[in-house]
Each structure stands twice: as structure tokens, then as C-alpha cells.
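The values are calculated or read from the model by the stated rules, or taken from the named source; none is laboratory data. As the structure is a prediction and not an experimental result, all values here were calculated from the model. SASA here: full protein model, heavy atoms, side chains in, ligands and nucleic acids out. Shrake-Rupley method; radii C 1.70, N 1.55, O 1.52, S 1.80 Å.
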Amino acid sequence: MTIVQLHVLACLPDRALTTVRTALGTRHALVAVDRWDDLAHRTSTQVYDVAVLDPAIESAASGNGNSRTIPSTGGLPHRALSLPPLPVVLYVPVTAAALRALNSIERGGEHALILAGHDDEPSRMRETIEFAARPIVTMQVLRRIEPQLRLLPAPLARGVRLMFAQPDAFKCIETLAEVAGLPRRTTDRLLAGSGLAPANRLRGVAKMCMVYRALSRSGLHGEIVAERLGYSSDRALHRHVERVTAYSPARLRRLPRMEVAVLLANRARRVSQPDDMADEESLIRDSA
């Protein structure tokens, strides 16, 4: 099974950027921008999985080997900084200036914190970045189907969780059986016995978590989202969204995250739970 590459956006001083590049290695793609203000342009024209940022700088490495790092006055930005509309890992040194800069960030959004010299051992840093890149709706769906997952043998439960973390790594339904070390028919039987949907539907739900995040966190055109997420066309994306959720991408984009988690958790089960069915009926009624 091939681990799917993340697209990581960074705005960091040279030394920090080198540390992140080393941690990611060749497994993931890293794009560096020069200034905090460049983040908005990048995220409005391309889909990234996660950003790694130091809020205490005005300018960062250009990504071409030239050092152009210019700290902001006293390490404190001149205005409150808005995080870009995607999961963020804040990578900062343990200094008074850096902590003041952290305090200048507008609250809200999805972000984790790495302290330079404390949490930035390469493998640990890579794990933090990879975990931050997972859509929150994915974790909410997994929490809702946890009772069913607990009924599975541990290797198969791990395989389902991995499918939700890396749906594109499961190129065919047999991949889940291979990851779990089980025959295909045994995998199907165990999923059915736990109350979970067949493997192909689970993969569609896992993929839809990724689609929802890409649609909801930006104003990107459907063609850009489709290309980044591996669909052959905007039309193919539209068909898949409608098949899994019964909504168009435009309507799915507008739904609150928790309601989408309810909807997708129901799709992941062979038989929907009564409480979630009531929530889903309310969701459909309110968005009609």
C-alpha cells in the first residue's frame, strides 16, 4: 500500500524550514512562501492539506536557497494574524517574542503547536504534521462508528481507521483485506457482522471527508478541488458527492461540519442508528 503524499504549505525562517523539510523527507511535498500575506493567494488558487507557520516573522525563506528572513519588530506582528483556511501547525521557538506573536493570532480554526527544540525531532514532527492534516470531520465520523469498530478484530479495525486517514491509498477493495491480513470474503463477513457498510462504501465515505474539507474551507472552483483530490473532472466529483451524500457539492459545502459527520457516519453503517437518523432527517429538512 502506498502512502499518499500530503501537500504542505510553509511560511518559516530558513532554519525552521530546513527542519521541516528534513522531517517530511521525500514522503510529502513542501511549498514555501516568502511572506505571511502570500498565504492567502496560495490557498485561493491551490488545495493544501496543512500549513506549517511561524507567526513571529514578516518574511520567510523563498524556497530557492536564498535567505531573506526578516523578523517582525520585536517578534510581534503589527496586526492580528488570521490563520489560512486549512489545518495549521504553528512551529515556534520558546521565546517571549514568539509567545507574544502566538497571542496575536485570531482564535478559531484547526491548529497544533510544535516548540522548537522540544517537539521537533524529525519522526515526531512528521507525525504531528500528518495528524494535523486529517480532516476533523474524519475523526468525528470515526468516533460515531467506534461501537462498530470495537466489534472487529484489531487488524481489521486498524485497517478501517487507516482507510479513513488515507482513502486514496486503498486503490481497490481488496486493499483493506490485504492490510488486515484477511481473505476478502472474511473481511466482508466481519464488516457486516459489526454493522458497518461494505468496504467500497466505507472508502467512499472516507474520501467524502476529504472532499468536504476541501470544499468547505475555501472558495476554490470545483475543477481545482477535483484535480487536487484525484477526480478525472469536476463532473466526476459532482457525481461522487451526489452518490455518497445525495447532495450537490455546492449544498454540501454549506453544511455545518457536525451535520456532515452525522450524515457520513450513517453512510458508513449498514443500518443507521435511530438517533443519527433523526439528526439526518432534520438536516435534510432544514437544507431543502
For residue 52, other-chain or 5+-apart residues with amide H closer than 5 Å (H placed, Pro excluded) are 9, 10, 11, 89
In the stretch 156-256, what percent of the accessible surface is made up of carbon and sulfur (1.4 Å probe, ligands and nucleic acids excluded)? 50 percent
